[in-house]
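Here the structure is laid out as structure tokens; the discussion comes afterwards.
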Amino acid sequence: MSAPETIPRHIAVTDVGKTNAKLALVDGQSLREIAVVTRPNTVLMDAPYPHFDLEGHWAFFLEHLRAFHASHGIDAISVTTHGASVVLLDAQGALATPMLDYEHTGPDDTATRYDAIRPPFAETGSPRLPMGLNVGAQLYWLFDQDPELQSRTAHILTYPQYWGYLMTGNMATDISSLGCHTDLWDPEAGRFSTLVERLGLTDKIAPAHRSFDILGAITPEIAALTGLDPRTPVVCGIHDSNASLLPHLIGREGAFSVISTGTWVIAMSVNGASVTLDPTRDTLINANAYGQPVPSARFMGGREFDMIRDGSNLVPTPDDRARVLRDGVMLLPAVVPQSGPFAGRRHSWTQTPKTDGERIFALSLYLALMTHTCLDLIGAAGPCVVEGPFGANADYLAMLDVLRGEGVEIATSSTGTSVGAALLFAKEGAGVATVTRAQPPAPNLIAYARHWQDCVGI
């Protein structure tokens, strides 16, 4: 099925992040979200292991696809999800096993045996990560703890394509999801890694497609449930951080970086300096929507923000900010020690904040310093564009401004993932607008940053 000649008017985007699942309706002309609904992406803790509520998400998507079509009309459907996830189906197309939460520690139990067969970083651009953050480790553990699962599994889909399968009946994987530290993809060669054969999955894993490919039209059953035209196209789909990157790949030239913020903060460098990536610092090679390698680094910044703020929404006062900068109140990494450029370290304070305002201000500075560290590790050059909720954090942006000499821009869209997923129907165009921050130098922030870097050994 070929892509539409022009971008559809109203594109429904099923967007599953690690924290929330949402359905967004994007206007294809203005690239604005005109309707958004969300539900928590709650992990189900019942047997056989922590897993995602796929059935609940599916009912939610069907309900709101029907509502969005009734109120606005839907002309096409796109899909984006978090990475590090696959869905295993049996011969009838039903779940062969629940979809594992990648933060489950089960795969650590078989780490030694898995490490003996996994390909090197030089082949996959995928660092060795704990828990189930490497999909290969998930699969190895799943097959180990359920000896009948591998024979029961007929098809393996990357996560965006599971939703596409439910809508169209067609099965696929997409390169951007395979390239998200799965150990299953060779980004330089543009093919499955040697691990697929070693795991005995060559005939089980669905064919790899570019994110732009049209998976098919919705099935008659979905048309009947939602009221959509049965000819409504569904695009293959994309990993969410690469969805944030896509609008800028379309609309920019030269060197730049994109910082996708949410549960994860993922820094991606385009046309930057050539550097040797260090897999022990949680750097990796993503594959973008075009299948091209993208040097990347990440840490769990949104999770860290929630953990340290501990439910507080207090806005720091000028006095809070002054005391933090004057006294050197600093949060040192890593709040989530399982990943990021300082994995293995335990966070600490140089001194205990006296107020919630001090704590939250120092936290915002910490997140900016961590982001800057990630950008340096991947050779980022040119302006950096902040996507997602951190784009509304003035203190984070102020510190990042000081650290990044070539400018900081804020994406004007409230959710870059949805816009990027919608643009899979475009492939070319003007991308999305950004707002450039042009801030005067702030010597107090510069001195603070240098002190923090000395404390962490940079």
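Normalised by the number of residues in the stretch 182-245, what is the relative contact order in percent for Cα pairs under 8 Å and 6+ residues apart?
This gives 24 percent for the stretch 182-245.
Evaluate the stretch 241-456: find the radius of gyration of its Cα atoms, find its Kirkwood radius, and give the ratio Rg to Rh. All intermediate terms of the calculation are to be shown ahead of the outcome.
Numbers: Rg = 16.8 Å, Rh = 17.4 Å.
We get a ratio of 0.96 for the stretch 241-456.
Out of residues 5 or more away from Leu215 or on other chains, whose amide H comes under 5 Å of its own, with H placed 1.01 Å from N in the peptide plane?
Hits under the 5 Å cutoff: Val234, Val235, Cys236.
Quick one: Karplus J couplings for the stretch 31-46, per residue in order, coefficients 6.51, -1.76, 1.60, θ = phi - 60°, nearest Hz, x for Gly and Pro?
6, 10, 6, 9, 7, 9, 10, 9, 9, x, 8, 6, 7, 8, 9, 7
Using all C-alpha to C-alpha distances in the stretch 10-236, build P(r) with 5 Å bins and read off the rounded percent in each one.
With 5 Å bins starting at 0, P(r) equals 1, 7, 14, 18, 19, 16, 11, 7, 4, 1, 0.
Largest first and in whole Å, give the semi-axes of the stretch 5-79's equivalent ellipsoid, each being the square root of 5 times a Cα gyration tensor eigenvalue.
The equivalent ellipsoid of the stretch 5-79 has semi-axes of 28, 11, 10 Å.
I'd like the FRET efficiency for Asp327 and Asp90, computed as 1/(1 + (r/R0)^6) with the beta carbon distance as r and R0 of 60 Å, rounded to 0.05.
0.50
Quick one: net charge of Ala297's neighbours, Cβ under 11 Å, K/R +1, D/E -1?
Within the 11 Å Cβ shell, the charges total -1.
For the stretch 336-347, in order, what is each residue's ³J(HN,Hα) by Karplus, 6.51 cos²θ - 1.76 cosθ + 1.60 with θ = phi - 60°, in whole Hz (x at glycine and Pro)?
9, x, 7, 8, x, x, 10, 4, x, 8, 10, 5
Got a sec to turn the phi values of the stretch 359-371 into Karplus ³J(HN,Hα) couplings, 6.51 cos²θ - 1.76 cosθ + 1.60 with θ = phi - 60°, whole Hz, x for Gly and Pro?
4, 6, 5, 4, 4, 5, 5, 4, 4, 5, 5, 5, 4
Amide H of Asn41: which non-local residues (sequence gap of 5 or more, or other chain) have their own amide H closer than 5 Å, using H built in the peptide plane?
Those lying under 5 Å, H to H, from Asn41 are Asn20, Ala21.
Can you give me the relative contact order of the chain as a percent, contacts being Cα pairs under 8 Å and 6 or more apart? Don't jump to the answer; show the numbers that get you there.
Numbers: 1043 pairs, mean separation 71.7, N = 458.
Here the relative contact order equals 16 percent.
If we count other beta carbons within 10 Å of each Cβ, what is the order of His239, His181, His451, fewest first?
His451, His181, His239
Quick check on the stretch 194-245: take the gyration tensor over C-alpha atoms, sort the square-rooted eigenvalues as a ≥ b ≥ c, and tell me if it's rounded (a/c under 1.5), prolate or oblate.
Taking the square roots of the gyration eigenvalues as a ≥ b ≥ c, the stretch 194-245 is oblate.
Give me the aspartates and glutamates in straight-line cross-link reach of Lys354: C-alpha distance below 14 Å, same-chain residues under 8 apart excluded.
Correct list for Lys354: Asp319, Asp320, Asp327.
Roughly how many nanometres apart are two label points built 7 Å out from the Cα toward the Cβ at Ala394 and Asp108?
With each label placed 7 Å out from Cα toward Cβ, I get 4.1 nm.
Take the alpha-carbon centre of the stretch 255-326, take the same for the stretch 147-220, and report the distance between them in whole Å.
Cα centres, the stretch 255-326 to the stretch 147-220: 27 Å.
Per DSSP H run of n ≥ 4, the term is -39500 (n - 2.57); total these for the chain, divide by its residue number, and report the mean residue ellipticity at 222 nm rounded to 500 deg cm²/dmol.
-9500 deg cm²/dmol
Work out the FRET efficiency for Gln29 and Arg231 from their Cβ-Cβ distance, taking R0 = 22 Å, and round it to the nearest 0.05.
Given R0 = 22 Å and the Cβ-Cβ separation, E is 0.60.
Once amide H atoms are placed 1.01 Å from N in the peptide plane, what residues at a sequence separation of 5 or more from Ile7, or on another chain, have their amide H within under 5 Å of its amide H?
none
Can you pull a Stokes-Einstein diffusion coefficient for the chain at 10 °C (1.306 mPa s), Rh from Kirkwood over Cα pairs, as a whole number of µm²/s? All intermediate terms of the calculation are to be shown ahead of the outcome.
On the way: Rh = 22.4 Å.
Reported coefficient: 71 µm²/s.
Rule-based calculations on the coordinates, nothing more; no lab input. This one's a predicted model, so the numbers in the text were calculated from it and none came from an experiment. Note that each Cβ is placed from the backbone with ideal geometry, even for glycine, and that neighbours are counted across all protein chains shown.
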